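The values are calculated or read from the model by the stated rules, or taken from the named source; none is laboratory data. Values in this document were obtained by computation on a predicted structure and should not be read as measured data. Cβ placement follows ideal geometry from the backbone for every residue including glycine, while neighbour counts extend to all protein chains displayed.
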Amino acid sequence: MTEAWTEEGGAARAVEHLRAAVLRRRPIPRLTETMALSLDQAYEIQKRLIEVDLAAGARRIGYKMGLTSPAKMKQMNVDVPVFGQLLDRMLLQDGAPLRREELIHPRVELEVAVILGDGVDPDRVKTVDDVASRIRAMAVALEVIDSRYEGFRFTLPDVVADNASAARFVLGSAFVRPSKDVHLWGARLFKNGEAVGFGTPANVLGHPFAAVLALARLLAERGFPPLAAGDVVLTGAIGEAVPVEAGDVVEGVLDHAGSVHLRLV
C-alpha cells in the first residue's frame with residue numbers, strides 16, 4: 001500500500017532509504033512500492049540526495065544522461081531522457097582499480113563524454129553545431145551504474161530519485177577535439193578480452209551532442225544548476241550495460257578517441 005506524499009516527510013524518507021542502501025551496500029525495495037511518486041517529486045528527491053553530499057564537501061563536476069536510446073525509451077514508456085548528477089568522488093583514473101565491495105550490483109556502460117569549454121544556455125544554443133562550439137574536448141568513457149534497488153528493477157520515478165543509478169565513471173586519457181561526425185565512430189566494449197558490445201554513438205538520441213542539448217533544456221525546466229565551463233557530461237550508453245564482478249577487466253574503445261580501462265578488485 002502506498003502512502004500519500006508530503007514534501008518534507010516523503011522526500012526526507014526517500015533520501016534516508018537511498019543513502020542507507022549506498023552506505024550499507026544493500027539494495028532496498030523500490031520507493032514506489034511504499035509511496036506514490038511523480039517525476040517532479042523524484043527530481044526533488046534527487047536534488048536533496050545530492051545536497052547531502054555537497055554539504056559534506058563533495059563537488060558537482062557535471063551530469064549524466066540516461067534513457068537516451070530508442071530501446072530504453074520504449075522499455076520505460078518515455079519520450080524524453082532523464083539525468084543524474086556527477087560528483088568528484090565518482091571519478092576514477094583510467095585503469096585504476098575499483099573495489100567491488102563498494103557497490104551493490106554494478107554494471108558498466110560505454111559512452112562518449114564531453115568536457116565543456118563554455119556554458120550551454122538552451123535559450124541560445126539550439127543545434128548540434130551550437131553545442132559543438134561549446135565543447136572543449138571529448139573522450140571515450142566507462143560509466144559504472146549501480147541501482148540501489150533490489151534486482152536492478154525500478155520505475156521511471158525510482159531511477160530519477162536514485163540519481164539515475166550513477167556510481168562511478170572513468171574517462172579515457174586521450175582527449176580529442178569535438179567532431180560533429182562522432183555519431184558515426186565505431187565503439188566497442190570488452191570484458192576480460194572478449195567483445196561484449198559494439199555500436200555507434202548515433203544510438204544516443206541520434207547524436208551525443210543532441211544529448212547535451214536535451215540535458216541543458218531539462219536542467220532549465222527543472223531548476224537545476226545549468227551546464228557551465230569545465231562540466232563533464234556523460235551523454236548516454238552506446239549499448240547495453242554489462243554486469244561486472246571482482247576480477248573483471250573492462251575496456252572501451254572509440255574510433256579516433258583511443259581507449260579507456262577499468263578493473264574490479
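Of the residues Asp158, Asp181, Asp118, which single one is out of contact with any Cys (no Cβ under 6 Å at 6 or more places or on another chain), on the phi < 0 side of the Ramachandran plot and either aromatic (Phe, Trp, Tyr) or without any contact (Cβ under 8 Å) to a residue 24 or more places away in the chain (or both)?
Values: Asp158 fails: either aromatic (Phe, Trp, Tyr) or without any contact (Cβ under 8 Å) to a residue 24 or more places away in the chain (or both); Asp118 fails: either aromatic (Phe, Trp, Tyr) or without any contact (Cβ under 8 Å) to a residue 24 or more places away in the chain (or both).
Sole residue among the options that is out of contact with any Cys (no Cβ under 6 Å at 6 or more places or on another chain), on the phi < 0 side of the Ramachandran plot and either aromatic (Phe, Trp, Tyr) or without any contact (Cβ under 8 Å) to a residue 24 or more places away in the chain (or both): Asp181.
Just checking, how many residues over the range 250-265 are surrounded by 15 or more Cβ atoms within 10 Å (Cβ to Cβ) and either of a type in the set (S, T, N, Q) or over 19 Å from Arg177 (Cβ atoms) (or both)?
Total satisfying the criteria: 8.
I need the full set of residues from the range 63-104 which are of a type in the set (Lys, Arg) and within 19 Å of Asn203 (Cα to Cα), in order please.
Within the range 63-104, the subset of a type in the set (Lys, Arg) is 64, 72, 74, 89, 99-100.
Lys64, Lys72, Lys74, listed by residue number.
Of a type in the set (Asp, Glu), at pLDDT below 95 and not in a helix (DSSP H, G or I): which single residue out of Asp94, Asp79 fits that description?
Working: Asp94 fails: at pLDDT below 95.
That would be Asp79, the only listed residue that is of a type in the set (Asp, Glu), at pLDDT below 95 and not in a helix (DSSP H, G or I).
Output yes when any residue across the range 177-187 is closer than 30 Å to Leu37 by Cβ, modelled with pLDDT of 95 or more and not in a loop (DSSP other than H, G, I, E, B), and no when none is.
First pass over the range 177-187, keeping only residues closer than 30 Å to Leu37 by Cβ: none.
No, that holds for no residue.
Quick grid of which residues meet (1) part of a helix (DSSP H, G or I); (2) over 16 Å from Glu143 (Cα atoms); (3) among the hydrophobic types (A, V, I, L, M, F, W, C):
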position: Leu189; (1), (2), (3): no, no, yes
position: Ala195; (1), (2), (3): no, yes, yes
position: Phe198; (1), (2), (3): no, no, yes
position: Ala202; (1), (2), (3): yes, yes, yes
position: Leu205; (1), (2), (3): no, yes, yes
position: Val212; (1), (2), (3): yes, yes, yes
position: Leu215; (1), (2), (3): yes, yes, yes
position: Leu227; (1), (2), (3): no, yes, yes
position: Thr235; (1), (2), (3): no, no, no
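Of everything in the range 225-238 that's out of contact with any helix residue (DSSP H, G or I) (no Cβ under 7 Å at 6 or more places or on another chain) and surrounded by 15 or more Cβ atoms within 10 Å (Cβ to Cβ), which residue is nearest to Gly193 (Cα to Cα)?
Selected residue: Ala237.
Looking at this structure, is Val170 assigned to a strand (DSSP E or B) and either farther than 21 Å from Asp53 by Cα or aromatic (Phe, Trp, Tyr) (or both)?
On the way: assigned to a strand (DSSP E or B): yes; either farther than 21 Å from Asp53 by Cα or aromatic (Phe, Trp, Tyr) (or both): no.
No: the conditions fail for Val170.
Residues being more than 24 Å from Gly230 (Cβ to Cβ) and outside any helix (DSSP H, G or I): count how many of those fall in the range 24-60. Spell out how you get there, then give the answer.
Taking the range 24-60 as the starting set, the residues that turn out to be more than 24 Å from Gly230 (Cβ to Cβ) are 24-42, 44-45, 48.
From what is left, the residues that are outside any helix (DSSP H, G or I) are 25-30, 34-38.
Adding up the residues that qualify gives 11.
Mind telling me which of the residues Asp130, Asp123 ends up being surrounded by fewer than 20 Cβ atoms within 10 Å (Cβ to Cβ) and in a loop (DSSP other than H, G, I, E, B)?
Values: Asp130 fails: in a loop (DSSP other than H, G, I, E, B).
Answer to the selection: Asp123.
Of the residues that make up the range 239-246, is at least one crowded, with 22+ Cβ neighbours inside 10 Å, in contact with a Leu (Cβ under 9 Å, 6 or more places away or on another chain) and of a type in the set (A, V, I, L, M, F, W, C)? Lay out the reasoning, then the answer.
Just the residues of the range 239-246 that are crowded, with 22+ Cβ neighbours inside 10 Å, to begin with: 244.
Then drop every residue that is not in contact with a Leu (Cβ under 9 Å, 6 or more places away or on another chain), which leaves 244.
Subsequent filtering for residues that are of a type in the set (A, V, I, L, M, F, W, C) retains 244.
Among the residues of the range 239-246, at least one is crowded, with 22+ Cβ neighbours inside 10 Å, in contact with a Leu (Cβ under 9 Å, 6 or more places away or on another chain) and of a type in the set (A, V, I, L, M, F, W, C), which makes the answer yes.
With the requirement that a residue be exposed (fewer than 15 other Cβ atoms within 10 Å of the Cβ) and either touching a residue at least 24 places away in the same chain (Cβ under 8 Å) or aliphatic (A, V, I, L, M) (or both), what does the range 24-33 give you? Write out each step before concluding.
Residues of the range 24-33 that are exposed (fewer than 15 other Cβ atoms within 10 Å of the Cβ), as a first pass: 24-26, 29, 33.
Arg25, Arg26, Pro29, Glu33 - these are the residues of the range 24-33 that are exposed (fewer than 15 other Cβ atoms within 10 Å of the Cβ) and either touching a residue at least 24 places away in the same chain (Cβ under 8 Å) or aliphatic (A, V, I, L, M) (or both).
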